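Here is the structure we will look at.
The values are calculated or read from the model by the stated rules, or taken from the named source; none is laboratory data. The structure displayed is predicted, hence computed values, not measured ones. All Cβ positions, even for glycine, are placed from backbone atoms using ideal geometry, and neighbour counts span all protein chains on display. For the accessible areas, the whole protein counts, side chains as well, though only heavy atoms, and no ligand, DNA or RNA atoms are used. Shrake-Rupley method; radii C 1.70, N 1.55, O 1.52, S 1.80 Å.
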Amino acid sequence: MKRRFLAVWSLLIVLSMVLAACPGQPAPAPAAPTQPPAQEAAPAATEPPAQEAAPAQEGVVTLTWVGPGPGAEFEFRRQQAERWNAANPDIQVRLIEGPVSATDRIGLYLQAFQAQSADIDIMEIDVIWPGDLAEHLIDFYEYEGVAEAVAGDFPAIVQNNTVNGRLVGLPWFTDGGLLYYRTDLLEKYGFDGPPQTWDELEQMAQTIQDGERAEGNQDFWGFVWQGAPYEGLTCDALEWIYSSGGGTIVSPDKVITINNPAAAEALDRAYGWIGKITPPGVTSFMEEESRRVWHGGNAAFMRNWPYAYGLSQGEDSAVKDKFDVTSLPGKEPGMSAATLGGWQVGVSKYSRNPEAAVKLALWLASEEEQKAQALSPSSLIPTKIALYSDPDIAEQRPFMPRLLPVFTSAVARPSTATAPKYNETSNIFFSNVFEVLTGRMSGADAVATIELDLQELLGFEVGAP
């Protein structure tokens, strides 16, 4: 057990050192993305400040918090940790950068949990993980003040985080896939508004791309998104499929529905974008790669999460004041789909100081801190309903109140139906979708293969969406 304990801690340090040494690494966001690298992120990842190291005084509790990967969100979390430490001398927190990929992060958590390591107290939990990680997380309902604290959150998220009556994650920020579009270019090329259907997006993207290239910008593309084989591709592909009438891969009543013509057609459609209105390199794009193309003014449309809004309005952005966001298109008007994302605060049941960790978790997920992170460069979407009528948020992040219906009616990944095997389910799905995007498999072959693999994994019945 001691060797396994040391292995987990060594992995944390090695990952942190690698991330700190590679500030140009892309930062994905599967359900909620991390941000572009921040110059001052490295010190917190490798050598924490002395006041964040082991407690020097008797009675001081030190908590370890595994945060996001390097970038703007990590920088905000670092500032939070500093504010907490200044106000709570008896409970100090040490913040460590987590892996940039959500897929890698859950792998790290599972390895630590297998070792029953007490080295991680606080962690960030993706919206799809409560079912898979529940047995390793504390039940917040066992602690005073929690029921009152979550009363103001979206009920659907609280329900998502409740497994067999146990609340294993405090809602922290929510997410949904959005379509970013260049308002100036739509006006320039005579379009009245953003596309409502995929056909309209293709036509607009091609027209704008052809026009911009004719004017000399050969690096311009019509539409950028996430095509690398990771959880983010599951999100994008679920949106394509659901918005085309192809269902949710596995239905809430545990029926495998992926093998249908609408799903196959949606995947073939996406493959048809590559090299035409989408860069050939999209099959290596996570959130940050697509955002960089957009940020540089080289895309008409982008599928991404809300975090990119604030960064796109930065002084260094070529699209500052030239864009807006809307719901993603569908096969027909009104068939839009946005994959539900978001992150929760979790506390490991192997923590030596669960009471202190819960106190920190409640503060992190509080209305005050959710407002602060909404107004940060990451523009993280609150789970507290009251904040959608907050005047400061309405003034500084006007898109948030406008997109409230997107966040409240987003489509969920089949994480609850397939728990505790969602991670394997998603891997099967995005791996086969990637085969379509790289031209090695047709949409029809991919959905048939996914169905067979999921039958073997889950043992569920098959049926129509």
key: Cα-based shape type of segment 310-465, given that a ≥ b ≥ c are square roots of the gyration tensor eigenvalues and the cut on a/c is 1.5   = oblate
remark   = Checked against a 27 Å limit on the C-alpha separation, the offending pairs among 254/371; 254/331; 322/371; 349/421; 322/384; 254/384 are 254/371; 322/384; 254/384
inquiry  = Can you sort 284, 348, 336 by solvent-accessible area, 1.4 Å probe, largest first?
reply    = 284, 336, 348
note = Heads up, segment 114-178 by the C-alpha gyration tensor (a ≥ b ≥ c square roots of eigenvalues; a/c under 1.5 rounded, else a/b over b/c prolate, else oblate) looks oblate
key: Solvent-accessible area per residue for the chain (1.4 angstrom probe, square angstrom)   = 38 Å²
key: Mean residue ellipticity (222 nm) of the chain, computed from DSSP H runs ≥ 4 via -39,500 (n - 2.57), nearest 500   = -12500 deg cm²/dmol
task = Enumerate by residue number the GluC sites (Glu not before Pro) in segment 256-356 meeting two conditions: DSSP loop (anything except H, G, I, E, B), and at most 13 other Cβ atoms within 10 Å of the site's Cβ.
result = 315
note = The correct ranking of 144, 97 by accessible area at 1.4 Å, largest first, is 144, 97
inquiry  = Within the chain, what whole-number % of the accessible surface is contributed by carbon and sulfur, with the 1.4 Å probe and all protein chains included in the calculation?
reply    = 51 percent
message = Around residue 260, under 14 Å between beta carbons, what's the net of Lys plus Arg minus Asp minus Glu among the other residues?
response = -3
Centre separation in Å (Cα based) which lies between segment 151-195 and segment 367-382 = 14 Å
